[in-house]
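One structure is given here, and the rest of the page talks about it.
The values are calculated or read from the model by the stated rules, or taken from the named source; none is laboratory data. As the structure is a prediction and not an experimental result, all values here were calculated from the model. Here the Cβ positions follow ideal geometry from the backbone for every residue, glycine too, while neighbour counts run over all protein chains shown. We work out accessible area using only protein heavy atoms, side chains counted, and drop any ligands, DNA or RNA first. Shrake-Rupley method; radii C 1.70, N 1.55, O 1.52, S 1.80 Å.
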Amino acid sequence: MKNLEQSKYSSALETVRNLKQKYGTTWNDINPENAARMVAQNRFKTGLDIAKYTAAIMRKDMAEYDADSSNYTQSLGCWHGFVAQQKMIAVKKHHKTTSKKYLYLSGWMVAALRSEFGPLPDQSMHEKTAVSSLIAEIYDFLRQADAIELNDLFRRLQKGEDVQDQIDNYETHIVPIIADIDAGFGNEEATYLLAKKMIQAGACAIQIENQVSDAKQCGHQDGKVTVPHEDFVAKLNAVRYAFIELGIDDGVIVARTDSEGAGLTQKLPVSQVPGDLASQYLAFVEAEEIDITDAREDDVLLKRDGKLVRPIRLPNGLYKFRNGTNIDRVVLDCITSLQNGADLLWIETPTPNVKQIAHMVNRIRSVVPNAKLVYNNSPSFNWTLNFRGQAYDEMLAEGENMTEYDRNNLMSEDYDDTELSFRADKKIKTFQVDGARDAGIFHHLITLPTYHTTALHMSDLTKGYFGEESMLAYVKGVQRQEIRKGVSCVKHQRMAGSDLGDDHKSFFAGEKALKAGGEKNTSNQFDAGSSKKKIQKEVGVLS
């Protein structure tokens with residue numbers, strides 16, 4: 001947003017100058033330029049400021065996607081503020097803009113990595129406040145990234161460099177978060193209360209699923225139990241009321257359906273008139289025709305097409321859906337959600353297959369033409385195996401000789417450099433483009449990437465560091481790569497705010513400030529253009 005930072009700087013400068021006149025000599029030590037600089041470096045004062053700003057971004061992006069499906073958006077899941085910060089710094093570094101790059105907050109990762117109970121499965125057993133706390137933490141780190149980068153620019157400006165345009169047109173690290181509220185952590189009032197906390201922390205988009213709160217399962221595991229539409233709509237309403245109450249008029253609700261893989265329901269809704277939502281839901285329940293004389297004491301019975309039927313009930317009291325109804329239930333769920341206040345859809349699927357996703361979305365779009373998906377490019381999928389399977393089937397249909405491939409062993413390394421592998425990898429590479437174009441996917445995300453990258457990188461470092469490579473494993477595999485690739489946190493003192501703090505100290509205490517960034521700061525070894533002699537001098541100081 002052009003000239004926003006300079007406008008804020010100028011406005012703050014005038015305000016502080018007026019305050020100095022108002023309060024006289026008691027404000028003699030307050031420097032208007034320094035104060036205005038601090039204001040410019042902290043653009044967002046509250047989480048609600050962030051939610052309002054990012055909601056507008058999402059609404060703009062949704063409209064642009066409706067006009068052209070190549071304008072899809074992406075995100076990666078982050079489980080710590082530092083991880084989110086480094087992701088967005090890297091986005092700006094490599095892609096020059098944060099446009100259409102979001103963050104995702106995964107309930108799975110909150111459960112696995114952020115609960116005071118320790119690592120937990122994705123079953124809504126973690127503290128609900130851990131979700132809003134992580135949102136606030138992420139935005140604290142992103143705001144710090146803004147402050148650090150702008151502080152560097154102001155330092156360069158003071159040294160005479162022509163960076164005023166970069167300050168005037170500064171692009172913030174703050175981007176939308178799509179935040180997972182799971183099944184709402186209780187009834188609709190509980191959902192409303194948690195949604196408020198999440199929005200106050202900065203969330204502009206809340207994703208909620210149609211599972212039973214007290215029996216919630218990860219979308220990629222068995223045992224999922226869905227709720228009747230009336231129950232889910234009440235929670236959609238609760239989230240919308242929370243957005244309205246807090247002044248986020250264009251907040252985004254992502255309605256997730258787990259019906260594709262869910263075969264159970266906890267409740268039988270009450271139908272008021274034939275064909276209503278409750279009636280449609282009940283029609284999916286598996287039941288057996290009986291005679292009234294065959295009814296057991298305390299049986300639950302339904303009248304269906306003029307006949308008496310008994311719903312199939314499990315020993316735990318749950319009811320079964322009829323086999324083969326899952327796709328019809330997904331479509332009804334999605335249409336109902338969009339007709340009752342949801343803005344985006346999330347369909348959990350068993351595999352990443354564009355044609356299968358498109359089949360469902362096209363049915364939804366026949367009723368709601370602008371229906372759009374948030375789609376989980378999940379690490380729970382074996383992407384290599386799935387797409388090699390798709391490539392195998394296509395090659396076979398094209399008449400290719402497939403005798404060199406074992407259809408039951410497509411993960412084999414023997415196939416890594418074959419035509420099958422090349423085809424599969426090409427399909428993986430274009431999956432997001434294809435899905436955006438053909439299956440209505442507005443937003444592609446990976447829920448757990450930083451969970452897996454942390455484990456992978458720690459495995460690689462541990463293997464070398466505790467082995468023959470010893471310290472070389474760290475230097476060669478980590479630090480040297482940070483230097484060569486210009487990774488910001490190679491100077492970890494600066495990234496933690498040391499330089500920013502030094503400047504603040506000078507604002508507050510003037511020449512008496514005790515700074516950390518002097519000659520003996522070993523981080524100087526990483527300055528660009530450091531000579532061999534300078535590095536040796538710094539190392540000599542250490543020794």
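Couple of notes before you dig in:
- With R₀ fixed at 30 Å, the C-beta to C-beta distance from Q339 to K307 puts the FRET efficiency at about 0.45.
- Solvent exposure ordering (accessible area, 1.4 Å, most first) of W346, W27: W27, W346
- F381 accessible area, assembled protein chains, probe 1.4 Å, Å²: 10 Å²
- The mean accessible area for residues of the chain, using a 1.4 Å probe and ignoring ligands and nucleic acids, is 50 Å² per residue.
- The heavy atoms of S412 present about 20 square angstrom of accessible area, all protein chains included, probe 1.4 Å.
- The heavy atoms of S366 offer some 90 square angstrom of accessible surface to a 1.4 angstrom probe.
- Positive minus negative residues near D414 (Lys, Arg vs Asp, Glu; Cβ under 15 Å): -4
- Each Cα pair under 8 Å and six or more residues apart adds its sequence gap; the mean of these over the residue count of the chain is a relative contact order of 14 percent.
- Positive-end residue of Q266, F321, L308, charge dipole of the chain with Cβ unit charges: Q266
- Eligible aspartates and glutamates near K303 by straight Cα distance, threshold 12 Å, same-chain separation 8 or greater: E288, E289, D291
- Candidate lysines - alpha carbon under 23 Å from K22, same-chain residues fewer than 8 apart omitted: K8
- Cβ charges +1 (Lys, Arg) and -1 (Asp, Glu), total dipole of the chain, debye: 2260 debye
- Region 270-322: C-alpha gyration tensor shape, a/c 1.5 cut-off, then a/b vs b/c: oblate
- The residue among I446, M62, I248 whose Cα reaches farthest toward the positive pole of the charge dipole of the chain, with charges on the beta-carbon of Lys, Arg, Asp and Glu, is I248.
- Degrees between helix 47-67 axis and first principal axis of the chain (Cα, 0 to 90, nearest 10): 60 degrees
- When each of K101/K426; K355/K427; K463/K485; K100/K372; K128/K235 is checked by Cα-Cα distance, pairs over 18 Å: K101/K426; K463/K485
- For the set I364, I428, solvent exposure ranked by accessible area (probe 1.4 Å, protein chains only) runs largest to smallest as I428, I364.
- FRET efficiency for E394 and A455, using Cβ-Cβ distance with R0 set to 35 Å, rounded to 0.05: 0.60
- Angle in degrees between helix 188-201 and the longest Cα principal axis of the chain, rounded to the nearest 10: 20 degrees
- 5 angstrom amide H check on C78, placed H, neighbours 5+ away: Y104, S106
- Taking the helices alone, the chain has a mean residue ellipticity at 222 nm of -15000 deg cm²/dmol, built from -39,500 (n - 2.57) per DSSP H run of at least 4 residues and averaged over all its residues.
- Qualifying aspartates and glutamates (Cα of each under 18 Å from Cα of K512; at least 8 residues distant if same chain): D29, D499, D502, D503
- Dipole of the chain, positive direction: furthest Cα of N340, V91, M38, with charges on the beta-carbon: M38
- Structure-derived volume of the Cα convex hull per residue in Å³ - corresponding label in (1) 140; (2) 204; (3) 225: (3)
- The residues neighbouring T226, those whose beta-carbon lies less than 10 Å from its own, together hold a net charge of -1 under the Lys/Arg +1, Asp/Glu -1 convention.
- The amide H of D258, built 1.01 Å from its N in the peptide plane, has N210 as neighbours under 5 Å, considering only residues 5 or more places off or on other chains.
- Here the contact order of region 1-91, divided by its residue count and restricted to Cα pairs under 8 Å and six or more residues apart, works out to 22 percent.
- Straightening the chain between D527 and E404 buys 38.8 nm, computed as 0.36 nm per residue apart minus the Cα-Cα spacing.
- FRET efficiency for the pair E482 and N382, taken as 1/(1 + (r/R0)^6) with r the Cβ-Cβ distance and R0 = 51 Å, rounds to 0.95.
- Apportionment of accessible area to carbon and sulfur, region 269-405, percent (1.4 Å): 48 percent
- Those trypsin sites (Lys or Arg not before Pro) in region 340-422 that DSSP places in a loop and that have at most 16 other beta carbons within 10 Å: R407
- Residue order for R17, R329, R484 - accessible surface, 1.4 angstrom probe, largest first: R484, R17, R329
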